[in-house]
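One structure is given here, and the rest of the page talks about it.
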Amino acid sequence: MTRLHDPFRRGQLAIAALFLSLGFQYATWAARIPAIKADLDLSAAEVGVLLMAAGVGAAVSFPAVAWLMRRMGSRRLALLSQLGLALLLLALAAAPNYPVALLVMCADGVLVGCLNVAMNAQGAALETRHERNTMARLHAVFSAGSLLAALLASGMTAATGSVAAHFGVAVVLLAALGVTARTGLLDEDAPADRPDPADDGAPADVPADAGPKPGRRRWTVPSRLTLWMCCAMVFGTVAEGAMNDWSALYLKDIAEASAELAPLGIAVVSGMMVVARLFADGWRGRWGDGRVVLLGSAVAAAGLAVALVSGGVAPALAGFACMGLGIAAVTPCVYAAAARQGSDALTLVAAMGTTGLLAGPPLIGFIAGASNLAWGMGAVAASAGAVALCSTRISWTEPASVAQSEATPA
């Protein structure tokens, strides 16, 4: 079948539009923080609180997202939150003062939490319905959205200093992505998903978007399996977020790299993550999610640890490459496993992922302040090792003989 008429391809394209939207929307406003700071006459501390407002909104959105997933389902929630995130760009550009900007950013965090859960539920449901892997490539598309937003921000900044004009163009692109998503998202016509499995961790192989109908049940206490997934997600996102925030500074201050080489840390980590996510669905189909997470996180931990002990710029870049390569598939695999336990489990795991991204960089900063950044990066390696340990406590689905990975990204 052609891409146009293949139900899997159609759903993959629609869900990829959501992942692209989230990465694009986040990087769009993040790229204009200096201009927003100047427009609102903010201090560095106020900018920090502004950024924290988005993170807090996402972290505390768990109860609301769980309720909305049960009431609306992943399809409607994804479309509405994607539209809301687009409109919030306009609201941020028009914010007359700092308190209004804080409210906008807090609302942005809540909608990010909604879209994050809904789009991962759709991706996991697509995998289950068609017995084909795609979650890792969908997460690669998220990274591509951030890159696209960075390129647009660079071009718009060169053309005009107007944040409103830049965000207006971004909203048009987000609207086009919303239309693309609307045409192919999965309908929630499958049977309601089962309650969380018993504490023995037996998997429930049901579509993630097949949530209970409105009002059928309340949120339940997480199983031990779900809690282990939460731990794996927290440690994985701590490692991922800390590498993005601290790799350049480690190269400059500890490895004594030149100013030209220091930014390569982020490029190496991000580049390896994108490449790994493009291939990770094939690895999942061949070896299973459990082995991919276990081996990947072990490679990440060992590679970075060896680099830290060796010292120097070249070993550091090699260690960063190992971290990007190994940690890339953790979040897609854990999201897919959590979605099979139902919308409540997925929502909780997603909230823990946000917590890890928020807590990771400051935690590494505290460790570095108490000793030095080498010890802080050692904590990043330890976090990757903790993911490997957690993965052994999770009941992963075995790779089905019919599971396929695509030859090209979504």
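The values are calculated or read from the model by the stated rules, or taken from the named source; none is laboratory data. The structure displayed is predicted, hence computed values, not measured ones. All Cβ positions, glycine included, derive from the backbone under ideal geometry; neighbour counts span all protein chains shown. The accessibility values were calculated without ligands, DNA or RNA, using every heavy atom of the protein model including side chains. Shrake-Rupley method; radii C 1.70, N 1.55, O 1.52, S 1.80 Å.
Please go through the range 87-103 and give me each residue that is open to solvent by less than 70 Å² (accessible area, probe 1.4 Å) and outside any helix (DSSP H, G or I), ordered by number.
Ala95, Asn97
Name the residue that is nearest to Thr128 (Cα to Cα), counting only residues in the range 372-394 that are open to solvent by 40 Å² or more (accessible area, probe 1.4 Å) and of a type in the set (S, T, N, Q).
Thr392
Among the residues of the range 113-172, what is the count of those that are among the acidic types (Asp, Glu) and either open to solvent by less than 50 Å² (accessible area, probe 1.4 Å) or free of Cβ contacts under 8 Å to residues at least 60 places away in the same chain (or both)?
1
How many residues does the range 23-46 hold that are at pLDDT 90 or above and under 15 Å from Arg137 (Cβ atoms)?
Of the residues in the range 23-46, 0 are at pLDDT 90 or above and under 15 Å from Arg137 (Cβ atoms).
Mind listing whichever residues of the range 351-371 are open to solvent by 30 Å² or more (accessible area, probe 1.4 Å), modelled with pLDDT under 85 and within 26 Å of Ala66 (Cβ to Cβ)?
Once the filter is applied, which keeps residues that are open to solvent by 30 Å² or more (accessible area, probe 1.4 Å), modelled with pLDDT under 85 and within 26 Å of Ala66 (Cβ to Cβ), the range 351-371 yields Thr355, Leu357, Leu358, Ala359.
Does Leu77 qualify as being more than 27 Å from Arg137 (Cα to Cα) and assigned to a helix (DSSP H, G or I)?
No.
Select, from Ala337, Ala305, the only residue that is open to solvent by less than 10 Å² (accessible area, probe 1.4 Å) and out of contact with any Pro (no Cβ under 6 Å at 6 or more places or on another chain).
Ala337
Please verify whether Ala368 is over 19 Å from Met229 (Cα atoms), small (Gly, Ala, Ser), touching a residue at least 60 places away in the same chain (Cβ under 8 Å) and part of a helix (DSSP H, G or I), treating the condition exactly as stated.
Spelling it out, Ala368 is indeed over 19 Å from Met229 (Cα atoms), small (Gly, Ala, Ser), touching a residue at least 60 places away in the same chain (Cβ under 8 Å) and part of a helix (DSSP H, G or I).
Among the listed residues Ala314, Ala276, Ala280, which satisfies the condition of being touching a strand residue (DSSP E or B) at 6+ places or on another chain (Cβ under 9 Å) and modelled with pLDDT under 95?
Criteria check complete, one pass: Ala280.
How many residues, within the range 47-73, are in contact with a Lys or Arg (Cβ under 8 Å, 6 or more places away or on another chain) and modelled with pLDDT of 85 or more?
The qualifying residues number 1.
Just to verify a result, which residue in the range 258-298, among those that are among the acidic types (Asp, Glu) and in contact (Cβ under 8 Å) with a residue 12 or more places away in the chain, is nearest to Leu148 (Cα to Cα)?
Asp281
Within the range 89-112, work out how many residues are in contact (Cβ under 8 Å) with a residue 60 or more places away in the chain and over 18 Å from the mean Cα position of the chain (by Cα).
Qualifying residue count, the range 89-112: 6.
For Gly324, state whether it is open to solvent by less than 10 Å² (accessible area, probe 1.4 Å), within 24 Å of Cys114 (Cα to Cα) and under 19 Å from the mean Cα position of the chain (by Cα).
No.
Which of the residues that make up the range 59-86 are open to solvent by 20 Å² or more (accessible area, probe 1.4 Å), under 17 Å from Ala17 (Cβ atoms) and touching a residue at least 40 places away in the same chain (Cβ under 8 Å)?
Once the filter is applied, which keeps residues that are open to solvent by 20 Å² or more (accessible area, probe 1.4 Å), under 17 Å from Ala17 (Cβ atoms) and touching a residue at least 40 places away in the same chain (Cβ under 8 Å), the range 59-86 yields Arg75, Leu79, Leu83.
Among the listed residues Val112, Val100, identify the single one that is at pLDDT below 95, under 24 Å from Leu42 (Cβ atoms) and among the β-branched types (Val, Ile, Thr). Give the derivation first.
Values: Val100 fails: at pLDDT below 95.
Unique residue meeting the criteria: Val112.
What is the one condition in (1) more than 30 Å from Ser270 (Cβ to Cβ); (2) assigned to a loop (DSSP other than H, G, I, E, B); (3) open to solvent by less than 70 Å² (accessible area, probe 1.4 Å); (4) at pLDDT 50 or above that Leu225 does not satisfy?
Of the numbered conditions (1) more than 30 Å from Ser270 (Cβ to Cβ); (2) assigned to a loop (DSSP other than H, G, I, E, B); (3) open to solvent by less than 70 Å² (accessible area, probe 1.4 Å); (4) at pLDDT 50 or above, the odd one out for Leu225 is (2).
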